[in-house]
Amino acid sequence: MSLVKWINFQSLGDERGSLVALEIGMEKAVPFDIKRVYYIYHTGQGVSRGFHAHKNLKQVAICVAGSCRMVLDDGNTREETRLSCPTKGLLIESMIWREMHDFSEDCVLLVLASEHYDERDYIRCYADFMAKVVPYDIRV
Ligand code: T46
């Protein structure tokens, strides 16, 4: 199964422009209760971010302006995708190593998170991440 999982949001656009509403409890558009929202913007040219995994945290990343490239790695396979559409959210499950590259100057990456911020949930060393990964061939 692909690591790249998109959630499509309805655009409530009219002649004035576009609007996306994410309402907690409305429907399970996002497959977790949102406890935190943050956004990444003004990323310098050539700067990459991420380079970590989360033990429990699940997130949905939405590029509400501009674009960036996201690399996802579950320790068995590595995939990448471009985020550039405000009506598409990229679901990032727990225990996925992520890297973000090629931010456009105008990129605003909005992230919905299933938990409050907790540095103890981060795995910031790739070797530590790999040591915790269960290989595909021994998963039940
Ligand atoms: C992720 C990717 C997509 C906080 O204090 N609270 C927060 O909610 C967040 C997200 C960060 N911080 C602090 C921790 C660092 O001192 O802000 C600083 C920058 O965070 P970090 O270096 O983790 O940023 P990124 O862009 O590498 O990663 C972020 C998220 O942290 C991470 O969960 O999945 O975006």
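The values are calculated or read from the model by the stated rules, or taken from the named source; none is laboratory data. Model, not experiment: these values are computed from the prediction. All Cβ positions, even for glycine, are placed from backbone atoms using ideal geometry, and neighbour counts span all protein chains on display. Accessible surface is based on the protein model in full, side chains and every heavy atom, while ligands, DNA and RNA are left aside. Shrake-Rupley method; radii C 1.70, N 1.55, O 1.52, S 1.80 Å.
Annotations
- Rounded percent of accessible protein surface that carbon and sulfur make up, the chain, 1.4 Å probe: 51 percent
- For the chain, the fraction of alpha-carbon pairs lying more than 20 Å apart is 49 percent, rounded to a whole number.
- Solvent exposure of the chain as accessible area per residue, Å², 1.4 Å probe: 60 Å²
- Mean separation of Cα pairs under 8 Å and 6 or more residues apart, divided by the residue count, gives the stretch 1-93 a relative contact order of 39 percent.
- For the pair ASP102 and ARG82 in one chain, pulling the backbone fully straight at 0.36 nm per residue adds 6.3 nm over the alpha carbon distance.
- Calculated over the stretch 1-79: convex hull of Cα atoms, volume per residue (Å³): 149 Å³
- Ignoring lysines fewer than eight residues from LYS88 along the same chain, the ones with Cα atoms less than 22 angstrom from its Cα are LYS5, LYS28, LYS35, LYS58.
- Taking a Cβ cut-off of under 15 Å around ASP118, the surrounding Lys, Arg, Asp and Glu residues balance to a net charge of +3, with basic ones at +1 and acidic ones at -1.
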